[in-house]
Every structure is written in structure tokens, then in C-alpha cells.
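**Q** The following block contains the structure, expressed as C-alpha cells.
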Amino acid sequence: MAQFNNNNQNNNSKSVGNTTYYSGLRIRNYTDNNAISISFSNGLMKVSISKPDENNRFQEVISASLSPKKAAIMVDQMEKLGDSDDGVLGTVLGMGEVQTAIGIQRRDGINYLRIAKVDKTGNITDQGSFTFQTNADPSYKWSDFDHMKFTKSYNNDIDFDMFKNALIDFARNISGAAGYGTLYLNRYQDSSMSTKISAICGKLGINTNTNTNRSYNSGGGFFTNNDNGGNNPTSQHRSYDEIASMIDDDDD
């Protein structure tokens, strides 16, 4: 289950963006007993290869933190991956003396995630590998469902595709468009909650400053006053809610 963790314990700190979001997606290899874990913090997507300890709690072995652009590069490299062994395709992270190399490899029809730490002389100081498991995620086709007669096949690219989709979603949604869309669609619930909070604050004598100002367009713009039809209409800027209300009134 996805979770939030606020690393900033100092209420007086002005630092923002330190909240870590742990993805609910964990890609497992039950044969090797390891996993790919994903978290998000400070505008980065952290991809970790982890193994369980003696208490069966997963501990990070090695990780790579990707910016949105690096995530998009990884997606492009994954889509270029052929069916044969073409080497490791990926990208490099960091500008310091120790950099991180992350890549995807396909060998004999099996996909691998590779992460390595490389020093300034080109030596690998640490590395880890994850094998995307095969023949573990079946789908079924019933020729006779009532008597449970079926054939079974395996979706061997499902984990690979889910990992790629996580990279795609991060690179795309970091623009803020999806977040804004969610907030916009949730505006009625937010308004209801704000009204309740304002009522409570009013009882407590707390000023919430909830006054709103509406802006109107006089219709004096260049394109409005110089349309090809010769019309010079004036227009008022109206919110979505006002327009919806007007439509409802017309229906009455």
C-alpha cells in the first residue's frame, strides 16, 4: 500500500519537498528472493533493488534516483531493447565523483535491471542486478468454463511493462497537469469542506479570509473587435460553475 512519510520533523523549518511517497508497486522475484521498490521524493523517482532481512523486511541493496528527464530516457531505452543481447541500455545519473549507471538488458528472452556505482576512474564500487521473473504470472483460457477445462499461458513481460509504465507516469505527471486536474475535479468536495471549516473558525473568532473576487472581460480585445463576420460582441469571463448554473436555469 502506498504511504507518505514526512522526513521534516522540524515545524520551524522552511524546507519543503522532503516528503517521501512510497509506491504500492513492488516487483518481486520469488526465486532470487529480491524486489524492485519505488519511492518519490524531492522531485526524483528512486528505484531500489532490495532483499528481505531475517525479519522478512525488505532492505535496500542499491538504488538510483532519476529526474523526470532521466526517467523518460529510460523509457526510450526500454522501448529500443531488442529480442537479442544488445548490451545494457540506460543512462547515467549524478555529477559527482561517484556516478550511478542504470540500465536494462535482455538476454535469452529474459529482462534484467542493472544498477552500478562508478568512481571517477571508471571502476565499479558497487552494483546490483534484478531478474524479471518468467513463467510466474499466468493467464487462462477456458474451453469449458463449467467443467474448468482450460489452457494456461504466461505473461512474461508484465513486470517489465509495469516498471516501464511507472517511469512513464512519473515523467508525464511531474508536469503537474494530472495533479491540477485532480484538484479541479475535487473542487466541490474542497468547497464543502472549506465551508465547514470556515463555520468552525467563525465560531472560534478566527478570520479565514475566504472572500473571492470575480473578474469580467469587457470584450475589448483585438480579435474580438476585428472578427471576420463584422460583429463586435462583448464578452464576460465566467467560471465553469457559473456557466453550468446558467444552463440549468435555461432548462427550467
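The values are calculated or read from the model by the stated rules, or taken from the named source; none is laboratory data. Everything quoted here is computed from the prediction, not taken from an experiment. Cβ: placed from backbone, ideal geometry, glycine included. Neighbour counts: every protein chain shown.
**Q** Of the numbered conditions (1) within 19 Å of Ile104 (Cβ to Cβ); (2) over 16 Å from the mean Cα position of the chain (by Cα); (3) among the aliphatic types (A, V, I, L, M), Met148 fails exactly one; give the number of that condition.
**A** (1)
**Q** Among the residues of the range 138-156, write down those that are among the hydroxyl-bearing types (Ser, Thr, Tyr) and either surrounded by 12 or more Cβ atoms within 10 Å (Cβ to Cβ) or not assigned by TED's automatic domain parsing to the domain that holds Leu81 (or both).
**A** Of everything in the range 138-156, just one residue is among the hydroxyl-bearing types (Ser, Thr, Tyr) and either surrounded by 12 or more Cβ atoms within 10 Å (Cβ to Cβ) or not assigned by TED's automatic domain parsing to the domain that holds Leu81 (or both), namely Tyr154.
**Q** Also: Condition first: acidic (Asp, Glu) and assigned to a strand (DSSP E or B). Now tell me which residues in the range 106-132 satisfy that. Spell out how you get there, then give the answer.
**A** Restricting attention to the range 106-132, the residues satisfying the condition of being acidic (Asp, Glu) are 108, 119, 126.
Residue satisfying the conditions is Asp126 alone.
**Q** Here is a further query. Go through the range 105-159 and give me each residue that's more than 30 Å from Val92 (Cα to Cα), among the small types (Gly, Ala, Ser) and at pLDDT 95 or above.
**A** If the condition is that a residue be more than 30 Å from Val92 (Cα to Cα), among the small types (Gly, Ala, Ser) and at pLDDT 95 or above, then Ser139, Ser143, Ser153 are the ones that fit.
**Q** If you scan the range 81-120, which residues turn out to be crowded, with 16+ Cβ neighbours inside 10 Å and among the charged types (D, E, K, R)?
**A** Scanning the range 81-120 gives Arg106, Arg114, Lys117.
**Q** Read through the list (1) surrounded by fewer than 13 Cβ atoms within 10 Å (Cβ to Cβ); (2) assigned to a strand (DSSP E or B); (3) among the polar types (S, T, N, Q), then give the number of the only condition that Asn135 fails.
**A** Here Asn135 clears every test but (2).
Every residue, every condition in (1) more than 21 Å from the chain's Cα centre (by Cα); (2) not hydrophobic (A, V, I, L, M, F, W, C); (3) not in a strand (DSSP E or B), yes or no:
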| residue | (1), (2), (3) |
| --- | --- |
| Asp32 | yes, yes, yes |
| Val47 | no, no, no |
| Ser50 | no, yes, no |
| Asn56 | yes, yes, yes |
| Val61 | yes, no, no |
| Ala72 | no, no, yes |
| Asp76 | no, yes, yes |
